[in-house]
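**Student:** The structure is given below, and queries will be raised subsequently.
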There are 2 protein chains.
Amino acid sequence: MDDARTRLIESTRELLWERGYTGTSPRAIQERAGVGQGSMYHHFAGKADLARAAIRSTAQEMVPRSRAHLEGPGTPLERLRAYLRAERDALRGCRVGRLVQDAEVVADASLREPIDEVFSGTLQRLAAVLREGQAAGEVRADVDAGQVAAALLSVLQGAYVLARAHQDPARFTAAVEGVLALVAAPR
Amino acid sequence: MDDARTRLIESTRELLWERGYTGTSPRAIQERAGVGQGSMYHHFAGKADLARAAIRSTAQEMVPRSRAHLEGPGTPLERLRAYLRAERDALRGCRVGRLVQDAEVVADASLREPIDEVFSGTLQRLAAVLREGQAAGEVRADVDAGQVAAALLSVLQGAYVLARAHQDPARFTAAVEGVLALVAAPR
DNA sequence: GTCTATAGGAGGATAGAC
DNA sequence: GTCTATCCTCCTATAGAC
C-alpha cells in the first residue's frame, strides 16, 4: 500500500499532464490522491514543491525509455525509427514538453531545469545516433547532426500540437513519418 | 482612439499568448484594457466569448503572413526557407499553437476550430509548395509531400518548445535549419 | 455603455488540535 | 502524520444604478 507522499506525487504528475501547472490546484491534488489538506502540507511546502518532485520524477522516467530505443539493437537508422515511432499518446501531449508552455514553470528555474536536462540528454543521444548513421551511409551525410537532432525532437513535440489542434492522432504519425523519410539517405 | 471592445480583444490576445486560457482572468483582461467590469460584460458574454473573439482574430492574422512567404516570389525551396526562417519570437511561443495545450481550449469546439483551420490551411499550402519543389527538382522527390508538410509545421511548433525549455532562441534556429537541410534535394 | 455593489466558490496556505 | 478550522485573495459572473 502506497503512502500518502507517494500518492501525492503520483496525482500531481497526472494533473500536471492533464491540466498543466497553472491549471492544477492543491485541492485537486489532494482529492485525487485521497489525502487530506494537513497531510499534504506536512509532506510538501506547497504547490511548487510538489510540482518540483513530480516533474523530477517524470523527467527521470523518460531517460531510460529514450535510451532503450536509441542505444538498443539495430542499425542507427533502425534505432532512430524505433524511437520516433515508439507508442505515444498523441492527443494527451508530452508529459514534459507540455509544461514549458506554462509561464509559471518557465519563470521558476527549479521547475524548468529538469525539463531542460531531459531534452539536452535526448538531443545528445539523437545526435550521436545520427552521426553513427552518417558514418554507416544510412543517414544523409551532408547535414549537421546537431541541427537534425533538434529537428527530430522538435517534430515529436510539434506533432503533439498538431494532433491536439485537429484532435486526430494521425497528424502525429504523419509528421513523424515525414521527417523519417527525410532523414534516410536517398537510394 | 480605440473603443473598449477593440481594446478588450487586444488585451485578451496578449494575455492568451502570455498566460494561456486557464491563466487568463477577466479581471486581468479588464485591467490591461483599461476597461471596467460592467463594460466588459456589456460587450462580451464572458471569458469564453472574449477568448473566442481573440483567437479568431489572431488566427485570421496568421493566414496572410504564411501566404506572403509561401506564395511569394522565388523558387519553391526559397519560399519554404523564407517561411521557416521568418522572424519569430522563439521564447514567447506560437500565439496559436500554445493554446492547444490548454485542456479547456481543446474541450470547447468553438475555441479549437479557428486553430484547427489555420493549421490545416498552412499544411495545405506547405504541401503544395513542396510538390512544386519536387517537380522542379529542388526537393527530394522520394517523399510524401503531405507528411513532410506535417513535419515542417511540427518542427516550427516543436522548436518553440525546445527554445522555451532551454530558454535559448538558438534552439529554435537549430531545429529549423536542421529540417531545411533535410528537405533540400541532395546535390 | 459604463460604474459600483454584491456574491458564491476556488486557490493557496497557516494554525493548532489530536 | 493527519484532521479541522480559518484566512485572505482571486475567479467569474449577476444586478441594478447612472
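**Student:** Using the structure shown, decide if A:Phe119 is within 17 Å of B:Ala151 (Cα to Cα) and touching a Lys or Arg at 6+ places or on another chain (Cβ under 9 Å). Break it down stepwise before answering.
**Tutor:** Working: within 17 Å of B:Ala151 (Cα to Cα): no; touching a Lys or Arg at 6+ places or on another chain (Cβ under 9 Å): yes.
Against the criterion (within 17 Å of B:Ala151 (Cα to Cα) and touching a Lys or Arg at 6+ places or on another chain (Cβ under 9 Å)), A:Phe119 does not qualify.
**Student:** Something else now. Among the residues of the stretch B:19-44, count how many are free of Cβ contacts under 8 Å to residues at least 24 places away in the same chain and either within 8 Å of DNA strand D (Cβ to nearest atom) or within 30 Å of B:Tyr160 (Cβ to Cβ) (or both).
**Tutor:** Step one: list which residues in the stretch B:19-44 are free of Cβ contacts under 8 Å to residues at least 24 places away in the same chain, which gives B:19, B:23, B:25, B:27-32, B:36-38, B:41-42.
Filter again for either within 8 Å of DNA strand D (Cβ to nearest atom) or within 30 Å of B:Tyr160 (Cβ to Cβ) (or both), leaving B:19, B:23, B:25, B:27-32, B:37-38, B:41-42.
Residues in the stretch B:19-44 being free of Cβ contacts under 8 Å to residues at least 24 places away in the same chain and either within 8 Å of DNA strand D (Cβ to nearest atom) or within 30 Å of B:Tyr160 (Cβ to Cβ) (or both): 13 in total.
**Student:** Just one of (1) more than 9 Å from chain A (Cβ to nearest Cβ); (2) at negative phi trips up B:Gly137, so point out which.
**Tutor:** In the conditions (1) more than 9 Å from chain A (Cβ to nearest Cβ); (2) at negative phi, B:Gly137 misses (2) alone.
**Student:** What about B:Ala150, is it within 7 Å of chain A (Cβ to nearest Cβ), in a helix (DSSP H, G or I), within 15 Å of the chain's Cα centre (by Cα) and more than 28 Å from A:Arg112 (Cβ to Cβ)?
**Tutor:** Yes, satisfied.
**Student:** Next up: Taking the stretch A:22-47, which residues are farther than 20 Å from B:Asp102 by Cβ, buried (at least 19 other Cβ atoms within 10 Å of the Cβ) and near DNA strand C (Cβ under 9 Å from one of its atoms)?
**Tutor:** Once the filter is applied, which keeps residues that are farther than 20 Å from B:Asp102 by Cβ, buried (at least 19 other Cβ atoms within 10 Å of the Cβ) and near DNA strand C (Cβ under 9 Å from one of its atoms), the stretch A:22-47 yields A:Met40, A:Phe44.
**Student:** Taking the options A:Leu70, A:Leu50, A:Leu77, name whichever one is touching a strand residue (DSSP E or B) at 6+ places or on another chain (Cβ under 7 Å) and open to solvent by less than 30 Å² (accessible area, probe 1.4 Å). Before you say what the answer is, go through the steps one by one.
**Tutor:** Values: A:Leu70 fails: touching a strand residue (DSSP E or B) at 6+ places or on another chain (Cβ under 7 Å); A:Leu50 fails: touching a strand residue (DSSP E or B) at 6+ places or on another chain (Cβ under 7 Å).
Going through A:Leu70, A:Leu50, A:Leu77 in turn, the sole match is A:Leu77.
**Student:** Being within 14 Å of chain B (Cβ to nearest Cβ), assigned to a helix (DSSP H, G or I) and either exposed (fewer than 15 other Cβ atoms within 10 Å of the Cβ) or more than 14 Å from DNA strand D (Cβ to nearest atom) (or both) is true for just one of A:Leu91, A:Leu99. Which residue is that?
**Tutor:** Working: A:Leu91 fails: assigned to a helix (DSSP H, G or I).
None of the others qualify; the one that does is A:Leu99.
**Student:** Also: Criterion first (within 7 Å of chain B (Cβ to nearest Cβ) and either open to solvent by less than 30 Å² (accessible area, probe 1.4 Å) or closer than 30 Å to B:Leu99 by Cα (or both)) does A:Leu156 satisfy it?
**Tutor:** Numbers: within 7 Å of chain B (Cβ to nearest Cβ): yes; either open to solvent by less than 30 Å² (accessible area, probe 1.4 Å) or closer than 30 Å to B:Leu99 by Cα (or both): yes.
Judged against the criteria, A:Leu156 is a match.
**Student:** (1) open to solvent by less than 40 Å² (accessible area, probe 1.4 Å); (2) within 16 Å of DNA strand C (Cβ to nearest atom); (3) under 19 Å from the mean Cα position of the chain (by Cα): which one isn't true of B:Arg19, the others all being true?
**Tutor:** (1)
**Student:** I'd like the full set of residues that are under 15 Å from the mean Cα position of the chain (by Cα) and either β-branched (Val, Ile, Thr) or open to solvent by less than 20 Å² (accessible area, probe 1.4 Å) (or both), limited to the stretch B:106-120.
**Tutor:** Quick first cut of the stretch B:106-120, residues under 15 Å from the mean Cα position of the chain (by Cα) only: B:111-120.
Scanning the stretch B:106-120 gives B:Leu111, B:Pro114, B:Ile115, B:Val118, B:Phe119.
**Student:** From the list A:Val129, A:Val183, exactly one residue is touching a residue at least 12 places away in the same chain (Cβ under 8 Å), within 8 Å of another protein chain (Cβ to nearest Cβ) and touching a helix residue (DSSP H, G or I) at 6+ places or on another chain (Cβ under 7 Å). Which is it?
**Tutor:** Values: A:Val129 fails: within 8 Å of another protein chain (Cβ to nearest Cβ).
Testing whether each residue is touching a residue at least 12 places away in the same chain (Cβ under 8 Å), within 8 Å of another protein chain (Cβ to nearest Cβ) and touching a helix residue (DSSP H, G or I) at 6+ places or on another chain (Cβ under 7 Å) leaves just A:Val183.
**Student:** I need a count of the residues in the stretch A:168-180 that are at the interface with chain B (Cβ under 7 Å from one of its Cβ atoms) and open to solvent by less than 20 Å² (accessible area, probe 1.4 Å).
**Tutor:** First, pick out the residues of the stretch A:168-180 that are at the interface with chain B (Cβ under 7 Å from one of its Cβ atoms): A:171, A:174-175, A:177-179.
Okay, now just the ones that are also open to solvent by less than 20 Å² (accessible area, probe 1.4 Å), so A:175, A:178-179.
Counting residues in the stretch A:168-180 that are at the interface with chain B (Cβ under 7 Å from one of its Cβ atoms) and open to solvent by less than 20 Å² (accessible area, probe 1.4 Å) gives 3.
**Student:** Now for a different question. Out of curiosity, is B:Leu84 aliphatic (A, V, I, L, M), within 12 Å of another protein chain (Cβ to nearest Cβ) and under 15 Å from the mean Cα position of the chain (by Cα)?
**Tutor:** Values: aliphatic (A, V, I, L, M): yes; within 12 Å of another protein chain (Cβ to nearest Cβ): yes; under 15 Å from the mean Cα position of the chain (by Cα): yes.
When the stated conditions are applied, B:Leu84 passes them.
**Student:** Identify, by number, the condition in (1) more than 9 Å from DNA strand C (Cβ to nearest atom); (2) in contact (Cβ under 8 Å) with a residue 60 or more places away in the chain; (3) within 14 Å of chain B (Cβ to nearest Cβ) that A:Ala51 doesn't meet.
**Tutor:** A:Ala51 satisfies every listed condition except (3).
**Student:** Cβ-Cβ under 7 Å, sequence separation 6+ or interchain: first residue in the stretch A:1-15 and farther than 19 Å from A:Pro114 by Cα, partner surrounded by fewer than 16 Cβ atoms within 10 Å (Cβ to Cβ) and not hydroxyl-bearing (Ser, Thr, Tyr). Which pairs?
**Tutor:** Here the result reads A:Arg7/A:Gly34, each pair linking the stretch A:1-15 to a residue that is surrounded by fewer than 16 Cβ atoms within 10 Å (Cβ to Cβ) and not hydroxyl-bearing (Ser, Thr, Tyr).
**Student:** Run down A:Leu77, A:Leu50, A:Leu70 and say which single residue is in contact with an Asp or Glu (Cβ under 6 Å, 6 or more places away or on another chain) and of a type in the set (A, V, I, L, M, F, W, C). Spell out how you get there, then give the answer.
**Tutor:** Working: A:Leu50 fails: in contact with an Asp or Glu (Cβ under 6 Å, 6 or more places away or on another chain); A:Leu70 fails: in contact with an Asp or Glu (Cβ under 6 Å, 6 or more places away or on another chain).
Step by step, each of A:Leu77, A:Leu50, A:Leu70 is checked, and only A:Leu77 is in contact with an Asp or Glu (Cβ under 6 Å, 6 or more places away or on another chain) and of a type in the set (A, V, I, L, M, F, W, C).
The values are calculated or read from the model by the stated rules, or taken from the named source; none is laboratory data. This is a predicted model, so every value here is computed, not measured. Note: ideal-geometry Cβ built from the backbone for every residue, glycine included; neighbour counts use all protein chains shown. Ligands, DNA and RNA are excluded from the accessible area calculation, which covers all protein heavy atoms including side chains. Shrake-Rupley method; radii C 1.70, N 1.55, O 1.52, S 1.80 Å.
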